[in-house]
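Before any comments, here is the structure.
Please treat every number below as a calculation from the coordinates, not as lab data. All of these numbers come straight from a predicted model, not from anything done at the bench. Cβ atoms come from the backbone with ideal geometry, glycine included; neighbour counts cover every protein chain shown.
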């Protein structure tokens with residue numbers, strides 16, 4: 001790890017954010033959905049550490065809640081989308097032939113259809129909010145990784161140890177899981193960590209437009225949307241949410257890029 | 001080269017047609033135009049709603065396949081149908097696309113060109129102060145989403161306005177309504193309104209291209225062909241510009257398609273924040289209204305845009321990389 005200061009910096013930042021998000025609500029005197037009818041759009045004070053929003057919510061508590069939602073959605077989406085990419089990519093690359101062509105053609109089709117537009121289109125149907133947003137976002141984020149995974153799997157197919165396993169009579173699913181996937185582990189780890197930041201930005205972008213997480217739930221996107229109108233006069237609601245979002249994305253991409261430097265000696269971004 | 005491009009063109013056209021059809025099917029299945037009619041007060045009789053929806057090809061009681069065929073026939077003749085208010089989609093679509101284009105074009109060009117140059121420069125100065133500053137800047141830019149960057153710029157501009165005591169920066173809408181100081185004044189007014197959104201778009205694109213170009217450039221800095229160019233007597237600068245940058249640009253052209261997708265997406269937020277009534281804003285509004293034909297039309301245009309960006313990247317690749325031309 002010491003080889004990449006970037007990864008360490010990202011990891012430390014991320015640990016701090018996690019600590020804040022999960023320990024903050026415990027020490028804060030206010031709950032995220034509580035309303036203080038005596039203070040609307042108040043500045044920071046001893047009672048409300050970062051002031052209150054226009055609707056009298058405690059900025060500190062509600063923003064941490066929003067960050068928690070965004071983080072959890074980001075993590076879940078990244079894991080699922082990288083999982084889909086790994087499954088489709090390895091199967092296509094290992095199988096080759098018609099199955100490969102069909103799968104990759106489907107991938108091309110989904111790349112051409114702008115993912116964000118499709119998500120915007122389908123989002124209003126998902127009144128359930130966050131839990132349904134996750135598969136929707138994941139379904140439109142895996143295609144480019146799947147192409148990379150496929151190319152690598154296809155090159156692994158003719159390696160001696162893979163051939164040996166095949167001629168010993170090991171079935172295709174087992175060969176993929178035991179011999180192909182481990183070779184791709186570093187690529188997948190890096191991809192998943194970078195996808196976390198993409199997913200968080202996508203989620204907050206949607207929520208900003210009112211199409212992602214809906215009231216009464218909050219995410220960083222809804223908080224930024226609510227806060228930005230009054231941002232010049234009362235900077236805390238907008239500033240804290242936007243700052244946390246930037247910090248999270250920065251930490252995750254530092255971590256992802258740093259991991260790539262460590263795990264993948266051939267990549268260019270490293271040196 | 002021509003055969004290579006024709007082949008790519010054909011396969012991309014097929015993809016575009018399929019993607020557009022899929023877009024219509026999704027829009028027609030997911031959106032509910034009936035709700036908009038039934039929500040009116042007084043509530044119209046069901047037969048009236050049905051007749052109106054059928055006339056607009058929006059009736060969810062008609063099988064999806066039939067609605068699709070009607071829609072597809074229209075699109076083949078260049079007609080995207082009607083909005084749920086009964087207006088023609090086409091006229092409004094072109095007007096709105098014009099607005100979006102004026103908003104995005106300059107920023108996208110500036111951002112990508114500056115990003116490539118800065119990225120390449122950072123790679124050449126690897127490890128020095130300039131590289132550190134550029135890398136740090138591009139990391140920060142990539143971490144700041146459009147809708148945060150735009151608001152920050154607006155706040156900074158309003159502070160600057162107040163500090164100077166004049167309205168030097170304006171950022172609401174495309175032009176000041178009602179202001180008419182002739183052609184020159186009108187153009188100047190538009191340019192002033194364009195400044196902040198252009199900076200927003202340019203900065204986001206700049207971050208992307210800069211990071212990617214730097215990585216690609218690092219890969220070719222020590223490549224054999226750059227060394228050969230140096231050995232035959234070229235100065236470092238021209239060896240890097242004529243051989244290094246050219247080769248390092250090739251993978252960036254494939255990246256162009258991805259950046260274009262992000263541009264479209266950033267456009268939706270930029271339009272909303274700066275109050276431009278472009279296609280992105282129309283898309284979001286139409287999704288909320290359940291206006292199937294408008295949504296399908298905009299997604300269709302976006303699909304064509306992505307396919308076109310892909311073709312442009314193919315052409316650029318062919319121009320930049322002799323191996324692509326030779327590989328036919």
Note to self: C-alpha centroids of segment B:153-197 and segment B:30-75 sit apart, in Å, by 43 Å
Whole-Å distance linking the alpha carbon centroid of segment B:1-28 with that of segment A:62-134 is 22 Å
Between residue A:217 and residue B:166, the two model label points (7 Å from Cα along the beta-carbon direction) sit apart by a distance in nm of 5.0 nm
Relative contact order in percent for chain A (Cα pairs under 8 Å, 6+ apart) equals 28 percent
Helix B:146-164 sits off the longest principal axis of the Cα atoms of chain B, rounded to the nearest 10 on a 0 to 90 degree scale, by 80 degrees
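How big is the shadow of the Cα convex hull of chain B, averaged over all directions, in nm²? All intermediate terms of the calculation are to be shown ahead of the outcome.
Numbers: hull surface 92.0 nm².
Hull-based average projected area comes out at 23.0 nm².
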With Cα coordinates, the longest principal axis of chain B makes an angle with the long axis of helix B:89-124, in degrees rounded to 10, of 20 degrees
Under a Gaussian network model of chain B whose springs join Cα atoms within less than 10 Å, the largest fluctuation of B:283, B:103, B:133 belongs to B:133
In Å, the C-alpha Rg and Dmax of segment B:140-202 are 13.2, 42
What the 20 Å binned alpha carbon P(r) of the protein assembly as shown shows, as percent of pairs per bin from 0, is 17, 51, 29, 3, 0
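So if each residue of separation counts as 0.36 nm, and I subtract the Cα-Cα distance between residue A:23 and residue A:152, what length gain in nm does that give? Write out the running numbers ahead of the final one.
Working: separation 129, 0.36 × 129 = 46.44 nm, distance 4.17 nm.
Separation in residues times 0.36 nm, less the Cα-Cα distance, equals 42.3 nm.
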For segment B:92-277, the Debye formula with one identical point scatterer on each Cα and no solvent gives log10 I(q)/I(0) at q = 0.08, 0.11, 0.20 Å⁻¹ as -0.34, -0.59, -1.27
For segment A:14-155, one quarter of the surface area of the C-alpha convex hull, expressed in nm², comes to 11.3 nm²
Share (percent) of C-alpha pair distances in segment B:256-328 greater than 18 Å works out to 53 percent
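How big is the shadow of the Cα convex hull of segment B:1-142, averaged over all directions, in nm²?
Working: hull surface 57.5 nm².
So the mean shadow area of the Cα hull is 14.4 nm².
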In a Gaussian network model of chain B with springs linking alpha carbons closer than 10 Å, the residue among B:51, B:123, B:175 that fluctuates most is B:51
Relative contact order of chain B (C-alpha contacts under 8 Å, at least 6 apart) in percent is 29 percent
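Return the tail of the calculated pair distribution for chain A, meaning the percent of Cα-Cα pairs more than 27 Å apart. The partial results should precede the final answer.
Working: 17645 of 36585 pairs.
Everything past 27 Å amounts to 48 percent.
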Under the 7 Å Cα-to-Cβ spin-label approximation, residue B:3 and residue A:72 lie apart by a distance in nanometres of 5.8 nm
Longest principal axis of chain A (C-alpha) makes with the long axis of helix A:5-27 (C-alpha) an angle, in degrees to the nearest 10, of 40 degrees
With segment A:1-70 reduced to its Cα atoms and the Debye formula applied, log10 I(q)/I(0) at q = 0.14, 0.18, 0.21, 0.23 1/Å amounts to -0.49, -0.68, -0.81, -0.91
Here FRET efficiency (C-beta to C-beta, residue A:144 to residue B:14, R₀ 25 Å, nearest 0.05) is 0.75
One checks the Cα atoms of segment A:39-106 and finds Rg and Dmax, in Å, of 23.1, 67
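For residue A:102 and residue B:175, what does the FRET efficiency come to when R0 = 45 Å and r is the distance between their Cβ atoms, rounded to the nearest 0.05?
Details: r = 51 Å, r/R0 = 1.13.
Approximately 0.35, to the nearest 0.05.
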Expected max-MSF residue from A:153, A:45, A:253 in the GNM of chain A (alpha carbon, under 10 Å) is A:45
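Using a Förster radius of 22 Å, what is the FRET efficiency between residue B:235 and residue B:125 based on their Cβ-Cβ separation? Nearest 0.05, please.
Details: r = 16 Å, r/R0 = 0.74.
After rounding, the FRET efficiency stands at 0.85.
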The simple spin-label model distance between residue B:254 and residue B:155, using points 7 Å out along Cα→Cβ, in nm, is 4.0 nm
So residue B:55 and residue B:222, fully extended at 0.36 nm per residue minus their Cα-Cα distance, gain in nm 53.5 nm
Output row, site residue B:70, 7 Å Cα→C-beta label point, backbone N cut-off 19 Å, window segment B:34-54, residues B:34-38, B:45-54
